[in-house]
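Report on the structure given below.
Just so it is clear, none of the values below were taken in a lab; they were calculated from the coordinates. Since the structure is predicted, the reported quantities are computational estimates derived from the model, not experimental observations. FYI the Cβ positions are ideal-geometry reconstructions off the backbone, even for glycines, and counts take in every protein chain you see.
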Amino acid sequence: METLRTDYLEKFERRVEEELLRLCTSAGMLNGTLLASEDIDEHWRTLAPEYMADAVPQVKDYPTVSVAWASYLGMGVAWGWDNDWNLCKQAPYSSYYGKQGFDDMDEHITFDMLNLLPDGYETKNIENIIRRCGETAVALIRHERIEPQSAMAFHVFARACRVMYRIGAAIELKRLGYKFEKVEMPG
């Protein structure tokens, strides 16, 4: 039973990742590849418990926000990874909060950390793609027809949030100029 559940969750996570990567690529925010760093990916394990504690109560009234803010968190971590990883990896989850805590985490990360302009073109593009990714993730979760408030619903939601976090990190890494390049190894 546990193996079936793990297999199901991994398949679900891959499907969400593929769909969101396709969406971000078609919007020009990514280039068909999910830019990633093991440091950033692993840091989700540190931040996830507190993120989930903030996000789960939001699901009923703000389902898109509950998953979408994970992308902003990923962007903030990727920004910190590029600037000063030693400082970033020690920063508490609450350092990503805005003045209103979780509610304005998106604005704090976008404006105060990434230094983007509130009405700027880049800001609008990021807001748009993260909203669209959040809506798509919620639709994929709903498509699963899992009993609300069940353990499985929590795990599916958590997997979708992890994908959103990785998408946000990838968008920020691309924005910072990172890219995958084929390297020829001497043979």
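Going down the table (K99/K174; K60/K99; K99/K179), which pairs top 31 Å between alpha carbons? With Cα atoms farther than 31 Å apart: K99/K179.
Each residue of the stretch 157-169 was assigned a 3J(HN,Hα) from its phi angle through the Karplus curve 6.51 cos²θ - 1.76 cosθ + 1.60 (θ = phi - 60°); the sequence is 4, 4, 5, 5, 5, 4, 4, 4, 4, 5, 5, x, 4 Hz, with glycine and proline shown as x.
Hull volume per residue, based on the alpha-carbon atoms of the chain and their convex hull, is 141 Å³. Strictly greater than 14 Å: what percent of every Cα pair in the stretch 100-172 meets that? Summing the P(r) tail past 14 Å for the stretch 100-172 gives 67 percent.
Electrostatic bookkeeping for T64 treats Lys and Arg as +1 and Asp and Glu as -1; over the other residues with beta carbon under 10 Å from its beta carbon, the sum is +1. Annotation: Cα Rg of the stretch 1-94 relative to the compact-globule expectation 2.2 N^0.38 Å equals 1.21.
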